[in-house]
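Read through the structure below, which is laid out as structure tokens, and then see the notes.
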Amino acid sequence: MKRWAGGAFWGFAKELLQFRKLAAVAITTIVLSTVLSLFPPYIIGVAIDQHIVSGHVEGFLQLVMLYIALTVALWVLQTIRGYAIEALGQLVAYSQRVKLFSKLLDLRIDFYKDKNVGGLVSRIINDTTTVVDVFVSGLLNTIGDVVTLIGALAVMIMLSPMLTLISIASIPP
């Protein structure tokens, strides 16, 4: 019986929920770093438009310091994000491997007559690594991409609603 792809997704989501704290850290750092990454381009725009072009020096140093602080904060958040995603992936892979190996231990000896045990072990390790990479990295990075898209759209609307509308209208359906 084939398993529905959505069922596999929810099964994997349940697996991720075993590690709630680490998943919460990963998702929080993804959202925070994505939101913070929207500010440096805006700060650069303000620095150029209101200080460099017009020649007003007052306030420029504060913008530079804010830009540096945001860059350092982004670096820290992205480092924590990378660690959390990798740790989460490794924990989920380990959990999957333990379940699969216990399943192999429960099989009858007849199953192993025509099987290469090394091949089974290798396949379990490689397949669980691939699945975890796709789900953990892919799923969590997709969350970051969606937040980036929504945030960029919100900033564009705040800066120039008409230009945003024209930009969106030029996107093919």
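The values are calculated or read from the model by the stated rules, or taken from the named source; none is laboratory data. Because the structure is predicted, anything quoted here is derived from the model rather than measured. Here the Cβ positions follow ideal geometry from the backbone for every residue, glycine too, while neighbour counts run over all protein chains shown.
Details
- Leu88 meets the conditions (1) under 23 Å from Val134 (Cβ atoms); (2) in contact with a His (Cβ under 7 Å, 6 or more places away or on another chain) in every case but one. The failed one is (2).
- Residue among Tyr112, Tyr83 that is surrounded by fewer than 15 Cβ atoms within 10 Å (Cβ to Cβ) and closer than 22 Å to Leu36 by Cβ: Tyr83
- Val64 part of a loop (DSSP other than H, G, I, E, B), loosely packed, with under 15 Cβ neighbours inside 10 Å and of a type outside the set (D, E, K, R): no
- When Lys103 is tested against the conditions (1) touching a residue at least 40 places away in the same chain (Cβ under 8 Å); (2) charged (D, E, K, R); (3) exposed (fewer than 15 other Cβ atoms within 10 Å of the Cβ), the lone failure is (1).
- Residues in the range 160-173 that are at pLDDT below 85 and among the hydrophobic types (A, V, I, L, M, F, W, C): Ile171 only.
- Tally of residues being of a type in the set (Lys, Arg) and not in a loop (DSSP other than H, G, I, E, B) across the range 93-126: 4
- Screening Leu61 against (1) in contact with a helix residue (DSSP H, G or I) (Cβ under 6 Å, 6 or more places away or on another chain); (2) farther than 20 Å from Thr128 by Cβ; (3) of a type outside the set (Phe, Trp, Tyr) leaves a single unmet condition, (1).
- Residue check: Ala13 meets all listed conditions (1) modelled with pLDDT of 85 or more; (2) part of a helix (DSSP H, G or I) but one, namely (1).
- Hits in the range 25-56 (condition: of a type in the set (S, T, N, Q) and exposed (fewer than 15 other Cβ atoms within 10 Å of the Cβ)): Thr28, Gln50, Ser54
- Checked against (1) surrounded by fewer than 15 Cβ atoms within 10 Å (Cβ to Cβ); (2) over 26 Å from Arg20 (Cβ atoms), Leu120 meets all criteria but (1).
- The listed residues are Leu22, Leu70, Leu17, and the only one of them that is closer than 30 Å to Val131 by Cα, of a type outside the set (Ser, Thr, Tyr), out of contact with any Ser or Thr (no Cβ under 6 Å at 6 or more places or on another chain) and surrounded by 15 or more Cβ atoms within 10 Å (Cβ to Cβ) turns out to be Leu22.
- Residue satisfying condition, being small (Gly, Ala, Ser) and more than 30 Å from Gly151 (Cα to Cα), within set Ser37, Ser102: Ser102
Yes/no per residue for (1) of a type in the set (Asp, Glu); (2) in contact with a Phe, Trp or Tyr (Cβ under 9 Å, 6 or more places away or on another chain); (3) modelled with pLDDT of 90 or more:
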| residue | (1), (2), (3) |
| --- | --- |
| Asp49 | yes, no, no |
| Gln62 | no, no, yes |
| Val72 | no, no, yes |
| Leu77 | no, no, yes |
| Leu88 | no, yes, no |
| Ala93 | no, no, no |
| Asp106 | yes, no, no |
| Ile109 | no, no, no |
